[in-house]
1. Residues to consider are LYS207, LYS172; find the one that is open to solvent by 10 Å² or more (accessible area, probe 1.4 Å) and part of a loop (DSSP other than H, G, I, E, B).
2. Can you tell me which residues in the stretch 124-136 are out of contact with any Ser or Thr (no Cβ under 8 Å at 6 or more places or on another chain) and open to solvent by 90 Å² or more (accessible area, probe 1.4 Å)?
3. Out of everything in the stretch 737-756 that is outside any loop (DSSP other than H, G, I, E, B) and open to solvent by 10 Å² or more (accessible area, probe 1.4 Å), what residue ends up being modelled with the highest pLDDT?
4. Return the residues of the stretch 477-515 that are under 30 Å from GLU93 (Cβ atoms), assigned to a helix (DSSP H, G or I) and open to solvent by 30 Å² or more (accessible area, probe 1.4 Å); say none if nothing qualifies.
5. What about ARG556, is it outside any strand (DSSP E or B), over 17 Å from ARG315 (Cα atoms), open to solvent by less than 10 Å² (accessible area, probe 1.4 Å) and without any contact (Cβ under 8 Å) to a residue 60 or more places away in the chain?
6. Out of (1) out of contact with any strand residue (DSSP E or B) (no Cβ under 6 Å at 6 or more places or on another chain); (2) modelled with pLDDT of 95 or more; (3) open to solvent by 10 Å² or more (accessible area, probe 1.4 Å), what's the single condition that is false for ASP474?
7. Go through (1) out of contact with any Phe, Trp or Tyr (no Cβ under 9 Å at 6 or more places or on another chain); (2) part of a strand (DSSP E or B) for ARG427 and report which single condition fails.
8. Restricted to the stretch 220-243, and to residues that are part of a loop (DSSP other than H, G, I, E, B) and among the β-branched types (Val, Ile, Thr), which residue is farthest from SER274 (Cα to Cα)?
Amino acid sequence: MITHNKHLFCLSTSHTSYAFRVEEAGHLEHLHYGPRMQLGEQGEAALAQRHSSLPSATIAYDPSTPNLSMELLRQEISTLGKGDFGDPYLDLEFSDGSRTCDFVFDSWEISDEKPNLKGLPSALPPNSLDKTTLCVRLREANGRGLSLYLYYTVYEECDIIARCATLVNDSKEPLILRRFLSSQLDFDDSDFELINFHGSWTSEMHKSITPCKGKTVVSETRLGFSSNRANPFVMLARPDCTEAFGEVYGSNLVYSGNHRECAQSGELSRLRFSTGIQPEGFTWTLQPGESFSTPEAVLSYSSSGFEGLSRNYHRFIRQYILRGSWAHKPRPVLLNSWEAAYFNFNEEKLLAMADLAKQAGIELFVLDDGWFGKRNSTKSSLGDWVCNYEKLPHGIQGLSDRIHQKGLQFGIWVEPEAVNMDSDLFRAHPDWTLSVPGQPNSEGRNTRLLDYANPQVIDYIYEALCKVFSQGVDYVKWDMNRGISDCYSPYLPKERQGETGHRFLLGLYHLLDRLTETFPHILFESCASGGNRADLGLLCYMPQFWASDNSDALCRQRIQTNYSYGYPLSVLGCHVSSIPNHQTLRETPLTTRYEVAAFGVLGYELDLEKLREDELEDIREQIIHYKAIREWTMEADLFRLRTGEQGHWSFMVLGPHKRRGMIMTMQELLQPGSPIYVLKTRGLQEDALYHFSSRPAMLNIKPLNGRLTSFSSDVPFVRMPRETESYTLYGSLLNHGGIRLKSDFNGHNLDEDTRCYIDYSTRLYHLDMQ
């Protein structure tokens, strides 16, 4: 809901209010973002800034407004000059070299249409009969001939407000954009903590908590993409915020490039929080009559802790970011060939893998890297998207036909943004890569990146991929394995090289627009050395992303937990892989690997031919279980019951209307003498009865010679069922009292009433309303 009273604007969602006004000099003064409230007749006066005089050395905006300081005013947008020394929202350089500008109110409009962001993806329009987008037009106050349009879109049921902006150059002179952010929030105090998620290859999404008082806290990347170094999702929380209680704000960008999030403590301990395109290395020349639009910032507030904020984002992403035929459809269980074969495969081996996959209940067979050109390592053939007929004598079409005949869907791997120097494409078009002329270039993974700022490159890749995708392809794993280190486009003139990174993204989005329109039936999965490009921009085209190249169950539990703060589990690609794990050499039980992966989009990445029959039977049971839960868990609410404290993890998902739930617990290392595990839930309907039951599974126990006499030490292991738990209890008891689970093995007794909860063990429990 959007309401206005003269020059006072209030945007309301189900539980939040966002208010600002036009102050006396014409600037937009931020008044409130937080719990929903009624402003009433005197609300504006109560919330507005009041200074009878300014502190010494504070700069007044204008002699006619001696008590107005832009540094002390909580603003919707800030610029360089006019006395504001904070982190600016907008930085322009005019033709005379000056950079001071001043934007004041001109007009406003409330519309049922969202703005066109000039090639950028954005969230779908709200499902509302009301007009949901407010546009406020500002003009440059000093006659520069510029118009700045600020857009606010209200997603009422998700408690989300989306912000973006467009700058129009109506003057007769070009100007240079040096910084143009997507969102700015000014707060009265700086008693916040910035929570961001950083990492590296196979080690994504480490949660970092930094107090904001007295400092500038920045989360940013310059990799060229949203990156594993700093995910664009961040939180700004009060120090006492917990999973279930307390105040927290969230921000994310519908963008896949360099970004910067900044929380800056300023004058009088106020805080300015901003997010948008990374200014470092970015410039954009805006000619007369041209415009530039920012990516969309997605903001949310919760007074119900981190879980409340997560649920806001999860609902919003599922409903307004994901689109296409796969947005709300259960995803197929897949088998990926990579860790089973790497580059060493032929058609016969692939078909044998597919036969076993079908027997296990798998629905999609994915051929990973190595099927094209002369590709037998990472050193050649990227860019040559033609079949290697030595490996696949019947071609891609012949292989996909045979896979389909077995009752499986067929998928394929591509990395279309990169090119090997040892490739026919590079030899024909060396000028089609991002590279600095006349200088040696730093290569990554034996590749350079293609110049996606060049429309010819986009057209060529589109045609090449269309030929591949037309050959019976149902799924595409879209990889990208390096950053932009030598950011220079031979296509662009030298004075516009600062536009290269953003234009690369615009080219990628244009390519994906065309491909998803041409192949609406294909399920695309984004991958970038794992989680190097996990963002809302790519999710507008691909409804899931590969969360990490690290498939070790223990590492994945932390990685997936931290993704869940800003992304629904239904967008995370999660695979069961072989042991020893190919990234950590750790050995974890097959049941653990499944029960961790089952909380995302399930896949398998191992050689089924090397498994024992009991392992194959376990996998068949796992897939039956997953198919029974995947539809309702896609739309479920998430509760993080434990997040690694003392080595314990616990997820809970609760389906629509709270009728079904599922809980997974995980232990890192067994600690003898630990207290009895008390499992408490959150969010169940208090007056409803629930049946609580454990998922049946088998354990492989190594005999203990001389201690467990019922087991023979002559066998490598003994299979026995896990302990069972079964209760019918009220939701209030489960939420507040909890269940004392069966006691752990203590060195003396091991039977079906003992919980053999050893290193890296998991348990999975179901909740069904009676």
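The values are calculated or read from the model by the stated rules, or taken from the named source; none is laboratory data. All values derive from a computational prediction rather than experimental measurement. Using ideal geometry, Cβ is built from the backbone for each residue, glycine included, and neighbour counts are taken over all protein chains shown. Please note that ligands, DNA and RNA were not included when accessible areas were found on the heavy atoms of the full protein model with its side chains. Shrake-Rupley method; radii C 1.70, N 1.55, O 1.52, S 1.80 Å.
1. Every option except LYS172 fails the conditions.
2. Hits for the stretch 124-136 are ASN127, LEU129.
3. This residue is ARG740.
4. Those that are under 30 Å from GLU93 (Cβ atoms), assigned to a helix (DSSP H, G or I) and open to solvent by 30 Å² or more (accessible area, probe 1.4 Å): LYS494, GLU495, ARG496, ARG503, LEU506, HIS510.
5. yes
6. Of the numbered conditions (1) out of contact with any strand residue (DSSP E or B) (no Cβ under 6 Å at 6 or more places or on another chain); (2) modelled with pLDDT of 95 or more; (3) open to solvent by 10 Å² or more (accessible area, probe 1.4 Å), the odd one out for ASP474 is (1).
7. (2)
8. Looking at the filtered set, the residue picked out is THR242.
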